[in-house]
Amino acid sequence: MSSPPPPTTGLPGLRRLIGWVEALRRRESQLALVLSLVIGALVGLVVVAFILLTGRLAAGMYPPGGTGWRRLLVPTLGSLVTGFFLYRYFPFARGSGVPQTKTAVFIRDGRISFRTVVGKFFCCSTSLASGIALGREGPAVQIGAGLASVISRRLGLSKEMVKAMVPVGGAAALAAAFNTPIAAVLFSLEEIMGDLHAPILGSVVLSSATSWMVLHLVLGDEPLFHVTAYHLTNPWEFAVYAVLGVVGGLGAVAFVKLLLRLRRWFLDLPERTRWLQPVAGGLTVGLMGIFLPQVLGVGYPQVERVLAGDMALRILILLAVLKILATAVCYASGNAGGIFGPSLFIGAMIGGTVGSVAHLLFPQSTSGPGAYALVGMGAAFAGIVRTPLTSVIMIFELTRDYTIIVPLMISNLIAFFISQRLQSQPIYEALARQDGVHLPSGEHQMRRARVRVASAMRLPERPALSPETTVAEALEWSGHAALDAWPVMDGRDLHGMIERWELERALTQGRHDEPIAVLLRERPAGHRADAAALPHLHPDHTLTLALERMGAMGRNVLPVVSRANVRHLVGLVTLQDVLKAYGVSRASGPPARHE
Amino acid sequence: MSSAGAAPRSPASAASFVGTFALIFTAIAGLFALDTFLADRERAANRSEARRLLKEGLQLMDRGAMPDAVDRLRSAVSAERENPVYQRALAAALVTAGEWDDAEAVLTERLQHDPLDAEASLLMARALAGEGDTRQAIAFYHRAIYGQWGAGAGGGRIRARFELVDLLASTHDPPELLAELLPLQTEAPTDVRTRKRIARLFIAAGAPTRAIEIFGDVVRRDRHDADGYAGLGEAELQLGNYRSACRHFATAVKLGGDDRPAEARLELCTRVLALDPTQRGLGPVEQHRRSRDLLAATLEAFENCTGPGPHPAQPPLADSARAALARPAPPSPTAGAVEENLDLAERLWRLRTPPCPMSPSGLAADLLLQRLAE
């Protein structure tokens, strides 16, 4: 009699499942896609819980008909309690969460601890509910990114993959926190990764969409702000939107500079006071809240009122100024919370102010202040966070109104430009620098990417070497040439590049009468004289690519050829040229590397 | 993910791998339950808060504290945005406060969601009428009349139609007004007050015969209804039956006691009667005297109406009128002289540019010439 079969053979479905799990476990790219969906769903639910819990806590702390003293006591106590917990147990959960996420991506191999996630969730929730004038989106990003990091590490993903999953979690969190899935994708790429063409795009889109669906499943199809339809009353209104861009940009710079200066001041205080510092923020916002309760908390109900055009001009001005002060003090003193939401609040107040004044002066030719408040939100965000594309798309997603796009773009770009001019470092980069961390900002990466080979290349020396030139003649010619390699020209066409060491080796072999064309023909397949196979650059290539190519080929000179005809030599670019273009000038460098 | 595949890694053990996923899915299920619970609590809290704010807002509205009422109702709408009751209450408060633009914005949102919401259409019509956009207001009154009403649909429709006819009466559009009044006459309740209101609107619509029918019925049922007699007088006055009109107005004054409007109408009616040269049984001298009085009253009204600047046709016509009045009355005037005065008066009357201030005699002349011109 044969022995009975193992139990698994009777369950082909289970066997298939085990096989699939095993395959998934071993194939990281497939696992990443599955994880994007899972992280999207999990982060979406966590962020929804974060928002709802904060709301419930706030309702408990501020019951209807509460006295003015409560508005002073609650944020003060809230900041005291959370300040202690942040200092004692969750030091990495302070502040916004966006620079911390970037630090994790670029410096800590995508590592964010579960303890930080828990700390961020509860400290932020308590802090925001108590009325601290900060936002929930930045913390949500860190919570989402942290969860993605924890899960990826637990599943034993490679460091590269863990790093890749961090922005995936961040995007999912932002999509749920702000109800803007496209802006969340852009923010992750533009701000966190600093690269709109990052290879994680697919995963980020998947997680953002999943998280957004979860949000809709639980909370329904409610936009964050309800905005009435926008109409351009008169083409001259674009001029007012330009003015709004200027005011928004200046307001953004004022806010960023104040926040950074205050934070520097708080950081310079003795370490032993660190746990108590957040109370300064709570006390400041509490004192303001006694007289103007609208300053407390994230302030989205007030934003909604401004968008509906339902706020007096003097209140708008007062709120814009006080919110700048309150947020700067709250953040700088080390409370947990972000600047994402306050940026929108400040922008709405600035926009409402500009719109109210314009409507007062030109009632027939301008829309109500609501439309300006909306555009102001985008302008302030573009000026403070410095992600203009995210800003435009985010406001578009918030309003679901296409007609707002043009004035939005005008104001945003003006605000962005002003902010760039008056504040050299973007805020998240500057905040990280204050902590001694030097992050690569998207802006710098893009600026660096804009430097092209055309701006650094030099024209080839004339007359050039020809294929018939002998080794001896070439060496004699090269004696007064400053480079280590030279183009060999066949008439007007590039034949190849000959290097000094090749000529010197031929000379030692006694081949001084041989034409250099022979040397080029003797090269191994990968280094043939054929111009098409020759390592080269085009004028529109970036200098980063030039450096990469020089490094890969071990050469310090590369020919620059036309895209239309690779045999047409346009110029030469050397390592010195590249360094000079980056502002690194030197009289003499280390000897060039030879193959 | 292209770069990741090549990176060295030590995958989690199968047990750990499955365990992690099991943990994640458990967390997802738990969080979903928690979120649903929290969301329900949030919605319940919002509903309760919205109800409280609505109650406060309506109380403030009743007290006439409109800014505070608007404030509360706005908060109520924010707390429970999709609730049409709150949206309509807010819109009503905004309309009452005269904040037409804001009311329109709220109602546009509501009507986008439910284009057949008759009550919202009625509020929108009020806002538009308040803003002076009569054409759009009429359109929204029609949407209100033919839209969907909740409880008390009939009352709402009639209210909307009454408001519409009031608007049409104020814009002096008799044909439109009459077109709306005819269905209203059959739909409206049959209490005396409503019937009298409709009858007066028939007068405004230029259908005095229908008004006489209603008022006649009213006074037949109640012989002491002064208002009914005044209405009858008004309708007869419009028909040119001045004698009957005066009789009804006199009855109204008698029954109404200190009824000043009826007294004023009686005085006007008496003046018209005294000015009318076309009444039967008048001798040529009396006819001529009345035609001169009519011409004098018309000239006075004309001068009041045309203002200080010279009218292109003023010198010859006014001069002719003045010359005719300056001539002594002939001892035995002919019919031609009477006709000449009436013709001059009518031509001058046609040149007036109303509205302009009128003396009681000018008003009487205006009324009389209106009938003579028909």
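Specify the inter-centroid distance of segment A:350-378 and segment B:261-302, based on alpha-carbon positions, in whole Å.
61
FRET efficiency for B:Asp217 and B:Leu325, Cβ-Cβ distance as r, R0 = 60 Å, nearest 0.05? Numbers along the way, then the final one.
On the way: r = 46 Å, r/R0 = 0.76.
That gives a FRET efficiency of 0.85.
For segment A:102-144, what's the radius of gyration and Dmax over Cα atoms, in angstrom?
When restricted to the Cα atoms of segment A:102-144, Rg and Dmax are 11.5, 35 Å.
How charged is the neighbourhood of A:Thr366? Take every other residue with its Cβ under 15 Å from the Cβ of A:Thr366, and add Lys/Arg as +1 and Asp/Glu as -1.
-2
Give me a single rounded figure for A:208-219: the average over its residues of other chain Cβ atoms within 10 Å of their Cβ. All intermediate terms of the calculation are to be shown ahead of the outcome.
On the way: counts 0, 0, 0, 0, 0, 0, 4, 1, 0, 4, 8, 6.
What the average comes to for A:208-219 is 2.
Shielding of B:17-30 by partners, i.e. mean partner chain Cβ atoms within 10 Å per residue? Please report the intermediate quantities before stating the final value.
On the way: counts 9, 4, 1, 6, 9, 0, 2, 9, 3, 0, 6, 7, 1, 2.
Average per residue, whole number: 4.
Find the lysine pairs in the protein assembly as shown meeting two conditions, Cα atoms under 28 Å apart and a separation of 8 or more places or different chains, and report how many there are.
11
Compute the relative contact order of chain A as a whole-number percentage, counting only Cα pairs closer than 8 Å that sit 6 or more residues apart in sequence.
That works out to 14 percent.
For n ≥ 4 DSSP H runs only, could you compute -39500 (n - 2.57) per run for chain A, divide by its residues and tell me the 222 nm figure to the nearest 500?
The helix contribution divided over chain A gives -19500 deg cm²/dmol.
Hey, what did segment B:67-112 get for relative contact order, percent, Cα under 8 Å, at least 6 apart?
Once divided by the residue count of segment B:67-112, the mean separation gives 32 percent.
Using the Cα atoms as the points, what is the convex hull volume per residue of chain B in Å³? Walk me through the numbers on the way to the answer.
Numbers: hull volume 94.0 nm³, N = 374.
Each residue corresponds to 251 Å³ of Cα convex hull volume.
Between the alpha-carbon centers of segment A:280-341 and segment A:52-66, tell me the distance in whole angstrom.
17
Identify the residues of segment A:280-321 with backbone N under 17 Å of a label point that sits 7 angstrom from the Cα of A:His226 along the Cα-to-Cβ direction, or state none.
A:300-311
Under DSSP H, which helices of chain A have Cα atoms covering 24 Å or more of the helix axis and a Kyte-Doolittle average no less than 1.6? Show your work: numbers first, answer last.
Numbers: long enough: A:28-61 (46 Å, 1.96); A:68-88 (31 Å, 0.59); A:137-154 (25 Å, 0.34); A:159-178 (29 Å, 1.10); A:201-219 (27 Å, 1.64); A:237-268 (46 Å, 1.23); A:313-332 (29 Å, 2.20); A:340-361 (32 Å, 1.40); A:405-422 (25 Å, 1.57).
Membrane-span-like by this criterion, though nothing is claimed about a membrane: A:28-61, A:201-219, A:313-332.
Where the centroid of each part is defined by its Cα atoms, how far is segment A:453-504 from segment B:72-139 in Å?
Their Cα centres are 81 Å away from one another.
Express in % the proportion of alpha carbon pairs of chain A at distances exceeding 47 Å.
Of the Cα pairs, 31 percent sit more than 47 Å apart.
Once you treat every alpha carbon in segment A:91-244 as an equal point and sum by Debye, what is log10 I(q)/I(0) at q = 0.12, 0.16, 0.17, 0.19 Å⁻¹?
Normalising to I(0) and taking log10 leaves -0.55, -0.87, -0.95, -1.10.
Going by average Cβ density within 10 Å per residue, which order do the peptides A:237-245, A:540-548, A:182-190 take, highest to lowest?
Averaged packing, sorted descending, gives the order A:182-190, A:237-245, A:540-548.
By the scheme Lys and Arg +1, Asp and Glu -1, what is the net charge of all other residues having a beta-carbon under 9 Å from that of A:Phe340?
Numbers: positive: A:Arg136; negative: A:Glu137.
Residues close to A:Phe340 contribute a combined charge of 0.
Quick one: which residues, 5 or more positions from A:Val488 or on another chain, have an amide H under 5 Å from its amide H? H modelled 1.01 Å from N in the peptide plane, none for Pro or chain starts.
Sorted by chain and number, the residues that satisfy this are A:His495, A:Gly496, A:Met497, A:Ile498.
Just counting partner chain Cβ atoms within 10 Å, what average do the residues of peptide B:37-47 show around their Cβ?
4
With springs only between Cα atoms under 10 Å, which of B:Ala324, B:Ala76, B:Ala169 fluctuates most in a Gaussian network model of chain B?
It is B:Ala324.
Computed over the Cα atoms, what is the radius of gyration of segment B:1-143 divided by 2.2 N^0.38 Å, N being its residue count? Present the calculation step by step, with values, prior to reporting the outcome.
Numbers: Rg = 25.6 Å, N = 143, 2.2 N^0.38 = 14.5 Å.
Taking N as the residue count of segment B:1-143, the ratio is 1.76.
Under the Kirkwood approximation applied to all pairs of distinct alpha-carbon atoms, what is the hydrodynamic radius of segment B:189-246 in Å?
Answer for segment B:189-246: a Kirkwood hydrodynamic radius of 10.9 Å.
Using +1 on the beta carbon of Lys and Arg, -1 on that of Asp and Glu, and nothing else charged, what's the dipole of the protein assembly as shown about the Cα centre, debye to 20?
Its charge dipole is roughly 3160 debye.
Mean separation of Cα pairs under 8 Å and 6+ residues apart, divided by the residue count of segment A:141-218: what relative contact order is that in percent?
31
In what sequence, highest mean first, do A:64-73, B:228-237, B:17-26, A:571-580 appear when ranked by Cβ atoms within 10 angstrom? Before the final figure, lay out each step's value.
Details: A:64-73: 13.3, B:228-237: 26.0, B:17-26: 14.8, A:571-580: 20.0.
Ranking, from highest mean packing down: B:228-237, A:571-580, B:17-26, A:64-73.
Coordinate-derived values only; no laboratory data. Please read these numbers as outputs of a predicted model, since none were measured by experiment. Here the Cβ is made from the backbone with ideal geometry for all residues, glycine too, and neighbour counts use every protein chain on show.
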